[in-house]
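Chemist: What follows is a single structure, and I will ask about it in a moment.
The numbers here are math on the coordinates, done by the rules we state, and not lab data. Everything numeric here is computed off the predicted structure, so don't read it as measured data. Please note: Cβ atoms are built from the backbone with ideal geometry, for glycine as well, and neighbour counts cover all protein chains shown.
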Amino acid sequence: MQDADDDPVGCPFDEGRETATPPETFAIGSPGRPPDTPGWRVRVVPNKFPAFGPWPRDGDRPEGLFARRAAVGRQEVVVHSPRHVRTIADLGVRELELVAEAWQARAEAARETGFEYVHALVNEGAGAGASLPHTHSQLVWLEEVPPLVAQEHELVKASARCLLCQVLEEERSQRMRVVEERDGVILLCPFAGRQPYEMLAAPLECEEDPFTSGNLAAALVLAAGGVRRLREAEGPVPLNIWLHAGGHWHLEILPRLGVLAGVELGAGYFVNTLAPESAAGMLRES
Ligand SMILES: [Zn+2]
Ligand SMILES: [Zn+2]
Ligand SMILES: [Zn+2]
């Protein structure tokens, strides 16, 4: 993203500056490369500034404070490229495939360590919470499914047939909110989009686990393509992308063009000033 104070000199995510981050936990690079040296293509390091601290919970944990701390998990940063690339939109297909591979490898490590859920996300632009203008994602290891995802799972379970499968079937027959469909995945502007140009990328097949899926890379490629289309339509926009695992997994892409204010945050009504059909049309054309 273009931040006014963007200065690649001293960027801790660039190749050659490996000692500026905590020691890596995983990397994809040339065989035999020593850790924390150049020659990597994707690199995973612990987050220096984790956003989660111990927080009070509603008495559902008899184990006390220790359990509360344990529930917090850990956070890792996945550096998407050794080059100073500002946005996921500027990564090539091969680079995005390596990002998917890193997410999957670290999710496996998280599960082996007892963390049931990994929340994968991308923040881009200072207005969306990004601290550094070098494309990266975060993996938050959690001991339980986070509340919003649990809510989605309830919805999916409540209907006889997967809700997202039904939505995708409908969208594919109407096409007006579909941006792109390719390689077993689809990108669309959801009917109930909360913000202008909100997008969703999902596999056409009903799959629960993105971390063992062969479609995760294709979904990231479509999502990054959506961000590129959005930039062509509107210029650089701060945005968040996150992965929802379980149910029928998907990526949600939320551009931060509007301001979330009292109606949205307090009542849960999202005032979207751009119809998703128009948004999809503009994204298809750009
Ligand atoms: Zn950089
Ligand atoms: Zn489904
Ligand atoms: Zn979701």
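Chemist: Quick check on the exposure proxy: order 282, 176 from fewest to most C-beta atoms within 10 angstrom.
Modeler: 176, 282
Chemist: Averaging sequence separations of C-alpha pairs under 8 Å and six or more residues apart, then dividing by the length of the chain, give the relative contact order as a whole percent.
Modeler: Relative contact order for the chain comes out at 18 percent.
Chemist: For the chain, what proportion of DSSP beta bridges, expressed in % and rounded to the nearest 5, is antiparallel?
Modeler: Around 100 percent of the beta bridges assigned by DSSP in the chain are antiparallel ones.
Chemist: Right, something else. What FRET efficiency comes out for residue 169 versus residue 11 if R0 is 30 angstrom and r is the Cβ-Cβ distance? Round to the nearest 0.05.
Modeler: 0.10
Chemist: Which Cα, out of 23, 286, 158, lies furthest along the positive dipole direction of the chain (beta carbon charges, K/R +1, D/E -1)?
Modeler: 23
Chemist: Also, I was wondering about something else. Give, to the nearest whole percent, the P(r) tail of the range 205-286 beyond 15 angstrom, counting all Cα pairs.
Modeler: 66 percent
Chemist: Further, regarding this structure: At a 4.7 angstrom Cβ threshold, list every cysteine in the chain that has nobody to pair with, or say none.
Modeler: 11, 189, 206
Chemist: Across every pair of different alpha-carbon atoms, what Kirkwood hydrodynamic radius in Å does the range 100-186 reach?
Modeler: 16.0 Å
Chemist: Need one number for the range 164-219: average projected area of the convex hull over its C-alpha atoms, nm².
Modeler: Computed as one quarter of the Cα hull surface, the answer is 4.0 nm².
Chemist: Which three numbers, in whole Å and largest first, are the semi-axes of the equivalent ellipsoid of the chain derived from its Cα gyration tensor as √(5λ)?
Modeler: 29, 25, 19
Chemist: For the range 120-127, just list the computed ³J(HN,Hα) in residue order, Karplus coefficients 6.51, -1.76 and 1.60, θ = phi - 60°, integers in Hz, with x standing in for Gly and Pro.
Modeler: Couplings: 9, 8, 10, 10, 10, x, 4, x Hz.
Chemist: Listed highest first by mean packing, meaning other Cβ atoms within 10 Å per residue, what order do 148-156, 128-136 come in?
Modeler: 128-136, 148-156
Chemist: In deg cm²/dmol and to the nearest 500, what is the mean residue ellipticity at 222 nm of the chain if only DSSP H runs of at least 4 residues count, each as -39500 (n - 2.57), divided by the residue total?
Modeler: Helix contribution divided over all residues of the chain: -9000 deg cm²/dmol.
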